[in-house]
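Undergrad: Okay, here's the structure, questions in a sec.
Just so it is clear, none of the values below were taken in a lab; they were calculated from the coordinates. The shown structure was predicted, so the numbers you read here are calculated from the model rather than taken from an experiment. Please note: Cβ atoms are built from the backbone with ideal geometry, for glycine as well, and neighbour counts cover all protein chains shown.
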Amino acid sequence: MPEQKQEQTQEQKNTRWTTLVALSTAAMAVLAALTTLYMGKFSSRTILAQAQESDQWNFYQAKSIKGHTYVMQKQFLELQLMGMKGRQRDVAEKYEKTIHGYDENIKRYDKEKKEISDKAEALEKEKGISQTRGGKFAFGLIFLQIAIMLSSIAVITKKRPLWYMGLALSSAGLFFFMDGFWLFY
């Protein structure tokens, strides 16, 4: 009778342990799913920011080309105007007016290029932060997946140390999950 009672107690302990392992593994799986969601979110943000940054630099390049065209045309007109000194005053005034307009366009393009450059650099920073966050979530996911695997093997083999290792690794996964949000380091 005492042996039967002892067996029953051991069986109850094993059942309780198996339940704890199952519940902790389910919690790890939920956290892994959330980690995957956020990893994908920040990976997508990284790709989007990269595309937007490239667009801004292309826009900057287009403005540079247009601005350079005005600089060249202005210089050409200035040279022509120098050759016309002392000749028709109304033609010379038209040249001067056109040159002034080119000066205004050059200043406008320089201002626009600065704005575009600032926006592109902001997108580059945003891309870097999203990339870092996505990487943190990826590390978290790796630890959680290993923890789930160890917990599953622990139940099958009835080896508690494997489950403890799984719990420790899930703690590391949780740390990286939180680090993905708050960027501790």
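Undergrad: Tell me which residues, restricted to the stretch 135-158, are more than 14 Å from residue 19 (Cα to Cα) and among the basic types (Lys, Arg).
TA: 136 - this is the single residue of the stretch 135-158 that is more than 14 Å from residue 19 (Cα to Cα) and among the basic types (Lys, Arg).
Undergrad: Please pick out the residue among 15, 9, 35 that is assigned to a helix (DSSP H, G or I), touching a residue at least 40 places away in the same chain (Cβ under 8 Å) and among the β-branched types (Val, Ile, Thr).
TA: One residue alone meets the criteria, 35.
Undergrad: Another one. Within the stretch 53-110, which residues are closer than 30 Å to residue 131 by Cβ and among the hydrophobic types (A, V, I, L, M, F, W, C)?
TA: Matches in the stretch 53-110: 57, 59, 62.
Undergrad: Which of (1) surrounded by fewer than 13 Cβ atoms within 10 Å (Cβ to Cβ); (2) free of Cβ contacts under 8 Å to residues at least 12 places away in the same chain; (3) in a helix (DSSP H, G or I) does residue 122 not meet, given it meets every other one?
TA: Result: residue 122 passes all but (1).
Undergrad: Still on this structure: Is it the case that some residue within the stretch 152-170 is surrounded by fewer than 22 Cβ atoms within 10 Å (Cβ to Cβ), in a helix (DSSP H, G or I) and under 27 Å from the mean Cα position of the chain (by Cα)?
TA: Within the stretch 152-170, one or more residues are surrounded by fewer than 22 Cβ atoms within 10 Å (Cβ to Cβ), in a helix (DSSP H, G or I) and under 27 Å from the mean Cα position of the chain (by Cα).
Undergrad: Considering only the stretch 66-90, how many residues are of a type outside the set (Asp, Glu) and surrounded by 12 or more Cβ atoms within 10 Å (Cβ to Cβ)?
TA: 14
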